[in-house]
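Structure, as structure tokens:
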Amino acid sequence: MEENHSDIINRLKKSKFRNSFSLKQKDFDYINRVGMDTIGRHCFDFVTKRLKDPSQFTDGKQTPFKGHPVFIAQHATATCCRGCLNKWHKIEKTHIKIQSAAT
């Protein structure tokens, strides 16, 4: 049986570790200051640079736990490394495809 997005979100909600990540006021202030378009570009850049090429980083250590709202969101949603993408979202480590930011 294949999971849908709601199933994955419900499993993430039950994870004490995933629920330990939340944005702080400084994160919201930063988002408001730079805008969601910029945050979206940052997200695309981080995922492209840190997850697409497995030779770039040691899997499980490429996404910091703090320093940018996108990092927090990646850990909260289990999109922080190829291992979590596989475990939580059933995306094979060798099948991560990155589309252009325009699509």
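Coordinate-derived values only; no laboratory data. Because the structure is predicted, anything quoted here is derived from the model rather than measured. Cβ coordinates were reconstructed from backbone atoms using ideal geometry, including for glycine residues, and neighbour counts include every protein chain displayed.
Tabulated results
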read-out	value
Residue order, fewest to most surrounding Cβ atoms within 10 angstrom, among Lys14, Lys93	Lys14, Lys93
Packing-based exposure ordering (other Cβ within 10 Å, fewest first) of Leu12, Leu23	Leu23, Leu12
Rg [Å, one decimal], Dmax [Å, integer] - segment 5-89, C-alpha atoms	13.1, 35
Residue exposure sequence - Phe46, Phe65, Phe21 - by fewest surrounding Cβ within 10 Å	Phe65, Phe21, Phe46
3J(HN,Hα) from dihedral phi, segment 31-42, Karplus parametrisation 6.51/-1.76/1.60, rounded to Hz, x for glycine, proline	4, 5, 6, 8, x, 5, 4, 5, 4, x, 5, 4
Cα-based reach from Lys87 at 25 Å (exclusive), listing lysines while leaving out same-chain residues under 8 positions away	Lys13, Lys14, Lys16, Lys49, Lys52, Lys61, Lys66, Lys97
For Ile91, residues with placed amide H under 5 Å, excluding near neighbours	Asn86
